[in-house]
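Pasting in a structure now, in structure tokens, and then I'll have a few things to ask.
The values are calculated or read from the model by the stated rules, or taken from the named source; none is laboratory data. Treat the numbers as computed from the prediction; the structure is a model and nothing was measured. We place every Cβ from the backbone using ideal geometry, glycine too, and count neighbours over all the protein chains shown.
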Amino acid sequence: MTANTTSADFRIDGDRLWADLTELAAIGAYDDEATGLVGVDRQSLTDDDRAGRRLLISWMEELDLDVTIDEMGSIFGRREGEDPELAPVLIGSHIDTVATAGAFDGCLGVLGGLAVLRAFAEAGLRTRRSIVVAAWTEEEGVRFGTDMLGSAVAAGRLGLDYAYGLTDAAGLRFGDELMRIGFRGDRPVLLDPPHAYLECHIEQGPVLAQEDRQIGIVTGVQSISWQKVALHGRAAHAGTTPTELRIDAGLAAAQIVVEVRRMVDSGAYGRLRATVGHIATSPGLPSVVPDRAELTVDLRNPDDADMARAEVDFAAFLDTLPEAQPGLRVETAQMARTKAVPFDEGVQDALEAAAKEHGYDSLRLMSGAGHDAQEIAAIAPAAMVFVRGQYQGISHNPREYSTPEDCRAGVEVLAAAALELSA
Ligand code: HGY
Ligand code: MN
Ligand code: MN
């Protein structure tokens, strides 16, 4: 059949999609004490990530895709179009996970991309433009400290040497780990701009469920700022040391947690969201005043100006901490920083038309989470389709869940838009 086949002529195999999600989620599976569920910990460039990558490549080869791996380890599976010279349509997401993940974040977008190509192959449908499915390396950023890393290097926002030099908590270098797992590819990392970029992802929030919609058309991504803060005080005996002689790093850490929530509640920074996700004191003993504390501060804001003001005011707050405890030293390091990114209206319209054509009411909404699509949006028209989540859309947690039908619906919309954009 030719590329002008109507999108009604293909069928997404939802059972196969669900089976693939389940099989991939078994790699890095662990018993999560907090929820009593089986979670997924498949952080980038670990042995489990290598196993997940190998499984993904086996599925790409099953589909006779031309598989390439770039210098950041991102994996590409290409289904040739009638006119291979034309810029392809790129469908992507990630298969690396946070340490306490569910089965869907990122994986739905990559395995959904394969489901799209599988459906087109089964329908004997050849698109004019080639379609490529990408799995970007280190989207989560939880191991090497910068999110959307693989796609940011591919789009030219971050450098390859910068990425190779990032280290994890154990001091292992990204570049060394990439070699160790055998995924430092030779495909040049700078991506030739695709004709369009599409990503299917779980919403990771409550909006679609609240509005009783299966499908979301994503208008863009809010700005993201990740900082590491290190506080240096003075260790002391918890019993004998008078309070006025203390330089308590733990106290300063607690003041930071309270301050970021105060900034949010003040309403002075628009729709700011702030999270101290990691906080640790050392030596961490009951009878020792902590001489050191480390925190991460994750700020999110749909408005760049409000975000910039929040960062300036937070930095000014950190400067006041030694006033309260003379001798306290404060160090900060920016880990990740991305501006708010609007998605392409035309690609949003193609996704919305695809949803409508397949009988889904959709809703346009901004993404609270960061995604690879925001990086590729710098070099090509990009947009995303969201799938409704259950349990208030909880994510980055083993309770993360979307129904088989909602997953299939999202991928069906992805396929119809890919068909339209690759015609
Ligand atoms: O942090 C994020 O928003 C994304 O999950 N990397
Ligand atoms: Mn994700
Ligand atoms: Mn995520």
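Counting only residues that are more than 20 Å from the chain's Cα centre (by Cα) and away from ligand 3 (no atom under 16 Å from the Cβ), give me the helices (runs of 4 or more DSSP H) lying completely in the range 301-411 with at least 3 of them.
Here the list reads 304-324, 345-357.
Has the range 28-51 got any residue that is assigned by TED's automatic domain parsing to the domain that holds residue 104 and under 16 Å from residue 114 (Cβ atoms)?
Among the residues of the range 28-51, not one is assigned by TED's automatic domain parsing to the domain that holds residue 104 and under 16 Å from residue 114 (Cβ atoms), which makes the answer no.
Still on this structure, please answer the following. Mind counting the residues in the range 111-130 that are outside any loop (DSSP other than H, G, I, E, B) and closer than 18 Å to residue 199 by Cα?
Of the residues in that region, 10 qualify.
Tell me which residues, restricted to the range 76-110, are of a type in the set (Ser, Thr, Tyr) and under 18 Å from residue 199 (Cβ atoms).
Within the range 76-110, 93, 97 qualify.
Scan the range 236-247 for residues that are more than 10 Å from residue 327 (Cα to Cα) and crowded, with 17+ Cβ neighbours inside 10 Å and jot them down.
Within the range 236-247, 236 is the sole residue that qualifies.
Looking at 118, 173, 184, which one is within 30 Å of residue 423 (Cα to Cα) and away from ligand 3 (no atom under 16 Å from the Cβ)?
Residue meeting the stated conditions: 118.
Still on this structure, I have one more. Condition (residue is touching a residue at least 24 places away in the same chain (Cβ under 8 Å), touching a His at 6+ places or on another chain (Cβ under 9 Å) and within 16 Å of ligand 2 (Cβ to nearest atom)) applied to the range 202-210: is it met by at least one residue?
Checked against the condition, which is being touching a residue at least 24 places away in the same chain (Cβ under 8 Å), touching a His at 6+ places or on another chain (Cβ under 9 Å) and within 16 Å of ligand 2 (Cβ to nearest atom), the range 202-210 yields at least one hit.
Suppose we filter the range 188-214 for residues that are buried (at least 16 other Cβ atoms within 10 Å of the Cβ) and charged (D, E, K, R); how many remain?
Residues that pass the stated criteria total 3.
Out of 384, 366, report the one residue that is assigned by TED's automatic domain parsing to the domain that holds residue 194 and under 20 Å from residue 269 (Cβ atoms).
Every option except 366 fails the conditions.
Turning to a different aspect of this structure: Out of the residues in the range 88-145 that are over 19 Å from residue 183 (Cα atoms) and of a type in the set (Phe, Trp, Tyr), state the one that is nearest to ligand 1 (Cβ to nearest atom).
Here the residue is 104.
Name the residues in the range 146-180 that are away from ligand 1 (no atom under 12 Å from the Cβ) and hydroxyl-bearing (Ser, Thr, Tyr), would you?
Selection gives 162, 164, 167.
Take the residues in the range 133-157 that are over 25 Å from residue 79 (Cβ atoms) and small (Gly, Ala, Ser), then tell me which one is farthest from ligand 3 (Cβ to nearest atom).
156
Restrict the check to the range 319-333 and report whether at least one residue is closer than 28 Å to residue 166 by Cβ, in contact (Cβ under 8 Å) with a residue 12 or more places away in the chain and acidic (Asp, Glu).
Looking through the range 319-333, at least one residue is closer than 28 Å to residue 166 by Cβ, in contact (Cβ under 8 Å) with a residue 12 or more places away in the chain and acidic (Asp, Glu).
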